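Worksheet: one structure, shown below.
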Amino acid sequence: KNEVEQSPQNLTAQEGEFITINCSYSVGISALHWLQQHPGGGIVSLFMLSSGKKKHGRLIATINIQEKHSSLHITASHPRDSAVYICAVRIPNTGNQFYFGTGTSLTVIP
Amino acid sequence: NAGVTQTPKFQVLKTGQSMTLQCAQDMNHEYMSWYRQDPGMGLRLIHYSVGAGITDQGEVPNGYNVSRSTTEDFPLRLLSAAPSQTSVYFCASKGLSYTDTQYFGPGTRLTVL
C-alpha cells in the first residue's frame, strides 16, 4: 500500500510546453515536499508546502488539503528540466518520517 | 559548506560480506536518515536519528544497523550483505522543524553478488 501516488509515471514534452505533475495522498499530512532527482542521481528539494501555493522561477507548486492533492507546474519547459520529480509527504505522529511517491520521469525535447 | 557527503559512491560486495556506508553533514542538523531507492519504488526509510545517541527504525530496517555518536556522522552498517540489498542508498539531513528543507547526499550505488 502506497500512501503517495504520482501521475503520470513518464512524461515527454516539447521545449516551451506547460507541464503538470500530480500527487495524491491518502492520509492526513503535516507537509508535502516536491523533490527533483537529476539524471546523475542527485536529489534536491524544490518546495515544502503545507497550504496554498508557492512559486520559484518557472516552477509553481500547489496543494489542496481537503482533496489531498498537489500539483507541480513547470512553465516554458526547457531540456534542463528533464529529471525525475518526486512527491513526499510527512505524516503526523510518525516522527520526522517522509513517505515518497515513485516519481514522474520528465523528458523535455528541444 | 560541503552539505551532506557520502562514501563510497560505488561498491560491489559478495553475499555475506559486511561493510559501512559513511554519511556526514556540516549543517548542524539534528535529523539524519538513510533511504534506499529501488526501481519502480519510492525512496524507503531504513533508519533515522533525531540527535546524537538517538536512533530509530524506519520502514525497512532489517539487515542494517546505525549509530549516531556525533551530530555530524550517521554511518549505515550492512551486517551480512544479501542480493536483496542491491540498491542506491541516500543519506539525508534536516533540522527538526517540519518546515525545514531536507538535504540529500549524492548516493551510494551498492551491488551485492
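Structure notes:
- Equivalent-ellipsoid semi-axes for the range A:51-110 (Cα gyration tensor, √(5λ), whole Å, largest first): 25, 15, 9.
- 10 Å Cβ neighbours from other chains, averaged over peptide A:28-37: 2
- Subset of A:LYS54/B:LYS9; B:LYS9/B:LYS94; A:LYS55/B:LYS9 violating a 29 Å alpha-carbon distance limit: A:LYS54/B:LYS9; A:LYS55/B:LYS9
- Rounded to two decimals, the Cα radius of gyration of chain B over 2.2 N^0.38 Å is 1.00.
- Per-residue average of Cβ from other chains inside 10 Å of B:92-98: 3
- Dipole of chain B [Lys/Arg +1, Asp/Glu -1 at C-beta], most positive-end residue of B:TYR31, B:ASN62, B:VAL12: B:VAL12
- For B:37-46, mean number of other protein chain Cβ atoms within 10 Å: 5
- Hits among aspartates and glutamates - C-alpha to C-alpha of A:LYS68 under 16 Å, sequence gap 8 or more where chains match: A:GLU3, A:GLU5
- Taking the convex hull of Cα positions in chain A, its mean projected area over all directions (nm²): 6.7 nm²
- Cα pair count fraction exceeding 27 Å, expressed as % - the protein assembly as shown: 33 percent
Every number in this text was worked out from the coordinates using simple rules, so none of it is lab data. Values in this document were obtained by computation on a predicted structure and should not be read as measured data. Virtual Cβ from ideal backbone geometry, glycine too; neighbours counted across all protein chains shown.
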